[in-house]
Structures are given as C-alpha cells and as structure tokens.
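**Student:** Quick one: the structure is below, questions incoming.
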Amino acid sequence: MPHKTIPTTPPAERAFLVGVEFHSEKPLISLEDSLSELALLAQTVNLEIVGEATQKLDVPNPSTLIGKGKVEEIALLAEESMADIVIFDTELSPRHQRELEEFFGAKLRVIDRTALILDIFAQHAHTSEGILQVSLAQYEYRLPRLTRAWTHLARQAGGGGGRTGSVGGVGLRGPGETQLEVDRREIRKRISVMKKELEKVRAHRQRYRSQRKRSRIPLISLVGYTNAGKSTLLNQLTRSEVLVADQLFATLDPTTRRVELPGGHQGLLTDTVGFIQKLPTQLIAAFQATLEEISEADLLIHVVDITHPNAIEQAKSVSETLKQIQADHIPVITALNKIDRLPQPELTKDDLDGFPRAVGISALKGIGLQDLLLAIEEELFENFTPVTVQIPYTEGQLISLFHEQGQVTVIEHNRKGVYIQGLIPGRLLARYAPYQNVPRVEPEDPQGYEPEV
C-alpha cells in the first residue's frame, strides 16, 4: 500500500480583495491600481488571490463601510472561490471590522491593508529595534479593536513579547494568544513600556548622528517607494552586500555605508524602509527613531522605478510621506532607476524634466552611477545657496560652521544671537532650516553687547 506524502509547508491561504473609493477623496492612484498593489502585498505573505470586488461610494456606510448589498455579494463570491480571508484596501474602523466579521461568520476572516502591512513588517524585522517598533505599531493598531473577535488571529499560541501568533500567514505577528486576552489596561501598559524603550533608541541614534555631524561628513539618505531599488543602489555605490530582494519592504532597519565621491570627498549613505501609499500612521509613529535618519540628512536621493506605470504617482506618495516626517525641506536628487529595462534607455532624458535634479541610472547594471555621484558632489560641495538666519548663541557650532564652510556677507550680533546673511553649501541647508525666516532683532552696541544665553 503506497505511503501518503505529507506536505512540508501548509497550502497558501486564499484571499479575496475588496477595493473601496469615496467620491470625496482624491487618491494618488486609481482604484484598480491600488487593488493590484494590495495583491502584491498579499502575495508577499504567501496568500493566493482568488477574487476581488470594488465599490465607489459617496460616503462610507457607518456599519460596514460598504453597502449592505455589496457585503452580501462579497460573501457569495468568497464562498464560491473558497476564500479563507477578505482583505480591504482601506483601513477599517473597529466598528466596521466587528460588523463585517459578524456578517461573514467565523469561516471567513476580515483584515485591512494596515494589518497586512504590519504583518509584512513583522516578518522582515530582524533587529531588536525593528521588532520593538513593529510590536508597538501592532499594539497601537490592536488596542481599539481588542474584542473577542480577535481571538481568531491567534493561530499559534505565544506568550510574553514574542513574534509568534500569526494570521495564518497573514496575521499580526508578535503578540500571541495570551496577549490577545489581556485587558486594555495591560495593553496600554505594554505600549507605555515600548515607547520608553524607543525613546532610549531615539536618544542613542541622536547621539550617534551628533558624532557623525562633528566629523563634518555629510549624511545622504536613500528614499523611495518600496521595491524601487534603493538597496541595490547602496550596494553599487558603496561596494556593500546589503540584502536585496525583489519584494515589498525587504529592508526595514537602516543601513549606513561610506561612499567615495569623485572630487575626493566622502559621504555616509543610508538606506532605510521604503514608502508606500496609505502607509499606516501607526508605523510612521513607531518608526520615528528610524525615520529621523531621513529627516536629519544633508541630502536625499529619491530612487524612482521609472519602469513602473505609476512612477509619477509613487513619487508623489514619497513626497507626501517626506512632508509627514518633516523632511521635505532637505535638498533632493532624483535617481530614475531601472532604465536598462526600457526599450530605449537614452529617451529617459525626456522624463528628467518632471523630477527635481534627475539622473537616469540602472543600479543593477551600474549605468549612470558616475553621473549620480557627480550630481551628489555638486549638490553637497559646489552649489551654494543664499540664506538669512538668526542663530542663537547656544548654537555656537553652527555659527562657526557658517564661517568655515560658507560665505558671510552680513553679520550682526544682537540680544538673541547672531544674524547672518550669506551663502552655504547645499548639504548644510537642513541644519540651518530651523533658524531661517526668524524675525530680525535690532543689533546691540558692537562695543559691548552681552549675549543672552
């Protein structure tokens, strides 16, 4: 009698996708393209897509987000396609999720885009810092949804602060079954502890950045939509071997490497988490310590996958996220990546006008990297920008730096500090940004002012 073979891995769960668009909204990408992106996110956690449905509404249904008729239609389609889980492309409120779960019953689980992204982050977090940040985001998301309906997420029991329990390949990794059963007070206590731990991480990173600034080596941060090719570019420019994977959110933890510039200067190049439209606010808040690597950079290299049909919309999504983390004042060079995949790469020049300081490159093939390095060199060390600043006396290092690296045309001492007009290299603009557009203070008697410290 032949032996039955036992599969080594469980079969992929089957997911049914739901896209919703409200007429009052102005989404960056179309409903159909957003749903395609959701499918890629689902496939990243090994889900099989078995169907999808969309609905456009004036306002959300207060109970179920979408219309009752559409809910019934999805229930039938999901049953016909033998789906295990329904994923909404829009974040569900706690009430929406509760009502939908009651309607669909225990056999069909319901999650939203935010929960899916949180799970992907949990799978890709490998350092203690990354795990801590993801766990905090999960708890913040989970707290208002802490009801008995969430017990179906604990497919694997786990205790403490481990990264066990998952939504069958798509669930929220991290807190296990015992953590789902604790009351809100206990969850808030855990959130409080995590925030204190992350403050320590943030303080450590701030001390490290201060040391780097004292070295006068400029910091360059790679930013871009997820899977645009940032890690590949970091490897090429710095001769490193950082993990590169053709999947969404392959890189979470920041990686910094030294880069040699054509004129003999050096820079520190940092790669961190990629962006995506509808990036959960919980993640932005939890990853504040990591994202400060971007907000305190001297220069941003915005990597854009020029072959993607929504390249412009993705670039706009990145720009919006930079505004959210208050990094939109930093000079930007755009690296239009993957030009080797275009039928006529030389025509990339036609696309340059739509992006700031754009350079066409192929990080994989090494095309255009010298042009990119020259653009970085020029922006950091050759381009001087006129500025007017009022610097307090407590920031003596910045006053000295202006004299050393810039060109002073007007300087006045007053009771608040030093008023300076002049030129500074582009790489220093971010450091002086807090002191620009400050009302000018009347100068003191040059013979004997007493600085207010």
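**Student:** Based on what the data block shows, is I306 modelled with pLDDT of 90 or more, surrounded by 20 or more Cβ atoms within 10 Å (Cβ to Cβ) and over 13 Å from the mean Cα position of the chain (by Cα)?
**Tutor:** Working: modelled with pLDDT of 90 or more: yes; surrounded by 20 or more Cβ atoms within 10 Å (Cβ to Cβ): yes; over 13 Å from the mean Cα position of the chain (by Cα): yes.
Here the answer is yes, as I306 does meet what is asked.
**Student:** Using the structure shown, decide if R440 is of a type in the set (D, E, K, R) and in a helix (DSSP H, G or I). Please lay out each step first, then the result.
**Tutor:** Details: of a type in the set (D, E, K, R): yes; in a helix (DSSP H, G or I): no.
So R440 fails the test.
**Student:** Only one residue in I301, I312, I276, I294 is aliphatic (A, V, I, L, M), over 26 Å from S210 (Cα atoms) and buried (at least 18 other Cβ atoms within 10 Å of the Cβ), so which one is that?
**Tutor:** Working: I301 fails: over 26 Å from S210 (Cα atoms); I312 fails: buried (at least 18 other Cβ atoms within 10 Å of the Cβ); I294 fails: over 26 Å from S210 (Cα atoms).
Every option except I276 fails the conditions.
**Student:** Check F104 against each of (1) surrounded by fewer than 22 Cβ atoms within 10 Å (Cβ to Cβ); (2) more than 20 Å from I187 (Cβ to Cβ); (3) touching a Gly at 6+ places or on another chain (Cβ under 9 Å) and name the one condition it does not meet.
**Tutor:** (3)
**Student:** Taking the stretch 373-396 as the search range and keeping residues that are surrounded by fewer than 16 Cβ atoms within 10 Å (Cβ to Cβ) and free of Cβ contacts under 8 Å to residues at least 40 places away in the same chain, which one is farthest from the chain's Cα centre (by Cα)?
**Tutor:** This residue is G396.
**Student:** Just checking: which of the helices (runs of 4 or more DSSP H) contained wholly in the stretch 36-127 hold 1 or more residues that are within 23 Å of N227 (Cβ to Cβ) and not charged (D, E, K, R)?
**Tutor:** Working: elements: 68-80, 94-104, 113-124.
Result: 113-124.
**Student:** With L143, L136 as the choices, which residue is part of a helix (DSSP H, G or I), of a type in the set (A, V, I, L, M, F, W, C), closer than 24 Å to L100 by Cα and modelled with pLDDT of 50 or more?
**Tutor:** Details: L136 fails: closer than 24 Å to L100 by Cα.
After ruling out the rest, the residue left standing is L143.
**Student:** So for the stretch 368-388 (the condition being at pLDDT below 90 and of a type in the set (G, A, S)), does at least one residue qualify?
**Tutor:** Taking every residue of the stretch 368-388 in turn, none turns out to be at pLDDT below 90 and of a type in the set (G, A, S).
**Student:** Name, by its number, the condition in (1) outside any helix (DSSP H, G or I); (2) modelled with pLDDT under 80 that does not hold for G422.
**Tutor:** So the condition that G422 fails would be (2).
**Student:** Any residue that is under 29 Å from the mean Cα position of the chain (by Cα), buried (at least 16 other Cβ atoms within 10 Å of the Cβ), closer than 30 Å to T255 by Cα and free of Cβ contacts under 8 Å to residues at least 60 places away in the same chain - is there at least one of those in the stretch 84-98?
**Tutor:** Within the stretch 84-98, none of the residues are under 29 Å from the mean Cα position of the chain (by Cα), buried (at least 16 other Cβ atoms within 10 Å of the Cβ), closer than 30 Å to T255 by Cα and free of Cβ contacts under 8 Å to residues at least 60 places away in the same chain.
The values are calculated or read from the model by the stated rules, or taken from the named source; none is laboratory data. Note that the structure is a prediction, hence the values are computed from the model and not measured. Cβ: placed from backbone, ideal geometry, glycine included. Neighbour counts: every protein chain shown.
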